[in-house]
1. What ranking do 271-277, 310-316 get when scored by the average of other Cβ atoms within 10 Å per residue, highest first?
2. Using each residue's phi in segment 149-158, evaluate 6.51 cos²θ - 1.76 cosθ + 1.60 at θ = phi - 60° and report the 3J(HN,Hα) Karplus result to the nearest Hz, with x for Gly and Pro.
3. Pop out the ³J(HN,Hα) list for segment 249-263 in order, Karplus 6.51 cos²θ - 1.76 cosθ + 1.60 with θ = phi - 60°, rounded to Hz; leave Gly and Pro as x.
4. Quick check on packing: order 294-301, 76-83, 161-168 by the mean number of other C-beta atoms within 10 Å, highest mean leading.
5. For E86, enumerate residues with amide H under 5 Å from its amide H, sequence gap 5+ or separate chain, H modeled in the peptide plane.
6. What is the set of long-range amide H partners of T77 at a cut-off below 5 Å, with H atoms built 1.01 Å from backbone N?
7. With the cut-off at 19 Å, tell me which of the pairs K69/K101; K47/K101; K47/K242; K242/K266; K165/K271; K103/K266 have Cα atoms farther apart than that.
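All of the numbers you see were taken from the coordinates with simple rules; none came from a lab. Not measured: the values here are computed from a predicted model. Every residue, glycine among them, receives a Cβ derived from its backbone with ideal geometry; neighbour counts consider all protein chains shown.
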Amino acid sequence: PDCGRTAKPPPTQTSTSTLPRPSPAAARADRFMGELCIEGWLHRSKKGDPTQRERRYFFSSGFAVEYCKTPDRASRTGKFDLRMVEELDEPEPGMLFVRVKGKTHPLHVFLPSPMEALQQGDGADAKAWRMLWASAVDESVVSLALESARDTNLAEHFTMLREEKRQTRALLLAKSASALPRDSKEAEEDGEEASVLCIPLEVLDANADIVAPETPSRSAAKTAAAGADSEWSFAEVRYGGKYSFVTIGAKELVQAGIADGIKQFKASPDKFEAMWFQADMVDWPVEQQRYTLLLREGTSGFEPDDSTPQGGFLCILATHRPKLSADAAAATAPPPAPPPKPAP
């Protein structure tokens, strides 16, 4: 479900929400059961430091949470998935502590005071945020301080949603696997690597089609035929997770082993501009690994920002240059060393 709108008033004006007004707990739970979404102004910690706060507009829709500089989603500065939360606590009244798997820093979310909720005029009070998130995450990660905020009926609704997404995803994967020209076993018998299914980001929240990529050996043959006059190089950059671009093409989230993903990426540089993943994920179990592929079509000026050897992410960039002809290579080659002088 999508509870956001593209056009909203500036931060100084009254914002809107999907919650009813007035919003007693029972009515609010019934509304959540139908939409599972809420939005409004909150404060979040900066780099895990609760003493540094930033005001952000939060969208919580289903399991997806986004926070933006303005009520326009185009200004998004971060996001996380409630299914990936490893710890949800309220160590101080009005401050939620959220630890998300794969995130470098925990997130402190400061809920609106009764006065702030009244000023927003939308019923998005602290109880609403507590109940929605405590009901959406796995029960095992909810602290004692938030147990009473968890709504049983709402939690069951989220459980059903989780199962529906799992079944939809399995169905899409099965559909894509059946569309492959050859199965993994047949490919292995011929000395080829099994195909990796690329799952577009939209599949996490919608029933989008999944396009199965070619096997690495076939992609390599295609690249060799198309790029016989080019040479490819692959630069690896450690960075903090931010990147810049002039235009950006489609991104594909791949849930598979990173080592195999690197082979696929390097076999298809004409198709993919870049590949990135969490740097320490290579040490995780293979079934938990995932990475992102950026399609070359529609992408220009892409580069990772804030590069540092201590960066939490690794990006691999595929760049090409024309292959020099034999005459050009000879012209640019350094002159041969003069012959040694004969000994006197």
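1. Numbers: 271-277: 22.1, 310-316: 18.3.
The most tightly packed comes first, giving 271-277, 310-316.
2. 7, 6, 9, 4, 5, 5, 4, 5, 5, 5
3. x, 6, 10, 10, 8, 10, 9, 6, x, 5, 4, 5, x, 5, 4
4. Details: 294-301: 14.5, 76-83: 16.5, 161-168: 12.9.
The densest-packed peptide leads the list: 76-83, 294-301, 161-168.
5. R99, V100, K101
6. HN-HN under 5 Å from T77: Y67, C68, K69.
7. K69/K101; K242/K266; K165/K271; K103/K266
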